[in-house]
Each structure stands twice: as C-alpha cells, then as structure tokens.
1. Report whether or not residue 49 is farther than 27 Å from residue 146 by Cβ, in contact with a helix residue (DSSP H, G or I) (Cβ under 7 Å, 6 or more places away or on another chain), modelled with pLDDT of 95 or more and in the same structural domain as residue 148 (by TED's automatic domain parsing).
2. With the range 111-183 as the region, which strands (runs of 3 or more DSSP E) entirely inside it contain at least 2 residues that are modelled with pLDDT of 95 or more and more than 17 Å from residue 89 (Cβ to Cβ)?
3. Only one of (1) in contact with a helix residue (DSSP H, G or I) (Cβ under 8 Å, 6 or more places away or on another chain); (2) exposed (fewer than 15 other Cβ atoms within 10 Å of the Cβ) fails for residue 376. Which number is that?
4. Among the numbered conditions (1) over 20 Å from the mean Cα position of the chain (by Cα); (2) surrounded by 17 or more Cβ atoms within 10 Å (Cβ to Cβ), tell me where residue 220 comes up short.
5. Quick one: would you say residue 100 is within 25 Å of residue 270 (Cβ to Cβ), in contact with a strand residue (DSSP E or B) (Cβ under 8 Å, 6 or more places away or on another chain), touching a residue at least 60 places away in the same chain (Cβ under 8 Å) and part of a helix (DSSP H, G or I)?
C-alpha cells in the first residue's frame, strides 16, 4: 500500500456524541498518530474532560457556558486551554487543523462547520444541517479556501466512494437506502399512539434523541436527499430512497448504461469515518468485515409515502429552494423537541413542519435573503422556529 498521507493535526467538533466517540475510537483502533488541536462538546463535561486527558488537545470547548467552571476544575494542571460558548466553538473549528470532524448535532453545527471551511480544512461532514441550511455556500467556501468536504453519513459516503466525478453526467439515479426505522412495519394507529421511548428504539444503531426521532419519521432520509442534491449536483428527480432493513448496502449509483454500483458494509460508522480521514487513500485498521454468507437475505421496499410524509416534504423544500430547506430543518427541530416533551403526538411532527412551511410561504419568508450564509440561515431558522412553536401551541390547545 505504501506510505499513507494522513492528516496529522485534527479537531473533533461534537466529540462526546456517537460520531465523535466513534472517531476517537477509530484513531485508537488504527493506532494513527494525530495531534488533536481541539475537542468540542455541547454540555457533557465529564466525557469531554475524559477525552481531553486522553488525547491532550490544545483546546477543549463546551458550548454550554454553565459547565465551564467544572471543565476547568477537571482539567486543572493539565495545560489544556478551556473555553465555552458558541463563539468559542467556532473559534476552535477555525484553529490550525488539517482535518475537522464536524459532528455537532443540529443547526448549532452550521457556524463552526463554515468556520472550518474558511480555514481551508478537510471537513469530514456528519452535521446534516450545514448542508441542508447552507449547502452551496459551504461547498463553495471550502473549495475557495483550498479545503474539501468529505461526507461521513454512511449513505453519502457510499455514493462518494462509487460515483466517478469524471463521468457524473452518466449517472441516471442516486439511490439512498434507509433502515425504515422502528415504524417500518407499524400500522398508522400504532404510529399515532407511539411514545418517545418507542420512537427512540432504532433497530440497528444507538444514536442521539434528535437523530433517532428523525429516523423514525424518515425525516433523516429527507434531509439526506437535500444533502445528496448539493454534494453531488444532482436534481431532486434523480434521487430516490429505498427501505433496506439490513443496512448492508448503504447506497447505490445507477449509471445510464444500466450498471448499478453499490457500497456494502456492516452497519458501523467507523468505516465511513476512516474513509473520510484517509481520503483519497484507505486506512488499514481492524475493521469489522462483511460476511455475506452470514448476513442473510438482503431485502428492499419502497417507502410508504402516506405513513412517512416527511420524505415528500423535504423533496418539495429542495424544489422550492431559497430558504425553504433551512426553514424545514428548524421546524423539524422544534417539532421533535415538542414530541420528546410529550406535547404533541408522533404523527404531528411532519404536520408541524408542513404547516410551518405553508405559513412562511404565504408570508414570503422563504425567498432568498441578503447577507452571508450563516446570517441568512440564522434569520430563517429563528423565523421558522417562531412559526413552528405557534403551530405546536395550536395543536396543544386543540
């Protein structure tokens, strides 16, 4: 294989979440020599301090400022600099790292990801909202700064690995696969009665609450359709979704000559992280291997649009363009939060998103705004959250 040209200086944004933990575990398993420039977390002080003492970054940052005194106490005498707040997270993202894992969940990940792009880093992108809310700006910024955006989501990583940019015009379809979530075979009545505990029970992965609920509504796949459109310059009508419960085939690329190429692997986030870390090389490490003999039958079905309307909502937001994807994302975050707080039902989540977009469209709030990408997205995000909260309040009062 020869000598790999691996990034030496790395930062992990969202280091205490599932993707961040998997990233650091990959470094451990692969025994790669990295200088960790920065680790950031939302509010998990104990885990961030534990990671910092293991990896010795120059900087450890919490988004939640209330946790800073405890973080400083836990890292006293270590020589590790500490900071807190959203601005400090963005500053950490812009620090001198060659490779940045962007794994902050939600809209909060947008500004740090763009900061890393401006700094010219290679961004391993696991934060969906950065692409959904400001995809064209993010990709353009990274390119102009001499960096790159390499997807980490298993579906987009699969496409990234099998789509040959030299013949991209010959692609007829991108096919994203989905587990179907915990309600893949549920009846409408079962979905209507679903509790947060039931919706959080993903069949294949242990993920954070927001991502798990998005999987249950299939909004995660809607967000991924928007991401794929931006990442691979593909029109919405050439991006499709298939339910594939085993999650062995992570996505497929269909070419005009009838060939369909797929990327396969066990359901584990570390292989796509390894791909993003070593790109364009391959990282040797004790990865879990796919045994097709024991994997069993691979099955596929079309998603039921009547039970999972979030897919159609997301595609329409992509077609509408302007600020619609950012508004959809914000409304979904508020609806998911309301469901987890038991204020609305599971089937109310897509209703809140659709009603929010309809109200904002009527008031012309979905047209493109002036200003830089972060400010445009932030303005849309704030407006959509206000509208979504009003819709939720209406449902609660009904």
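The values are calculated or read from the model by the stated rules, or taken from the named source; none is laboratory data. Just so we're clear, the structure is a prediction, and the values are computed from it rather than from any experiment. Virtual Cβ from ideal backbone geometry, glycine too; neighbours counted across all protein chains shown.
1. Numbers: farther than 27 Å from residue 146 by Cβ: yes; in contact with a helix residue (DSSP H, G or I) (Cβ under 7 Å, 6 or more places away or on another chain): yes; modelled with pLDDT of 95 or more: yes; in the same structural domain as residue 148 (by TED's automatic domain parsing): yes.
Spelling it out, residue 49 is indeed farther than 27 Å from residue 146 by Cβ, in contact with a helix residue (DSSP H, G or I) (Cβ under 7 Å, 6 or more places away or on another chain), modelled with pLDDT of 95 or more and in the same structural domain as residue 148 (by TED's automatic domain parsing).
2. 148-151, 171-178
3. Unmet for residue 376, out of (1) in contact with a helix residue (DSSP H, G or I) (Cβ under 8 Å, 6 or more places away or on another chain); (2) exposed (fewer than 15 other Cβ atoms within 10 Å of the Cβ): (2).
4. Condition (1) is where residue 220 drops out.
5. Details: within 25 Å of residue 270 (Cβ to Cβ): yes; in contact with a strand residue (DSSP E or B) (Cβ under 8 Å, 6 or more places away or on another chain): yes; touching a residue at least 60 places away in the same chain (Cβ under 8 Å): yes; part of a helix (DSSP H, G or I): no.
Considered against the rule, which asks whether it is within 25 Å of residue 270 (Cβ to Cβ), in contact with a strand residue (DSSP E or B) (Cβ under 8 Å, 6 or more places away or on another chain), touching a residue at least 60 places away in the same chain (Cβ under 8 Å) and part of a helix (DSSP H, G or I), residue 100 comes out as no.
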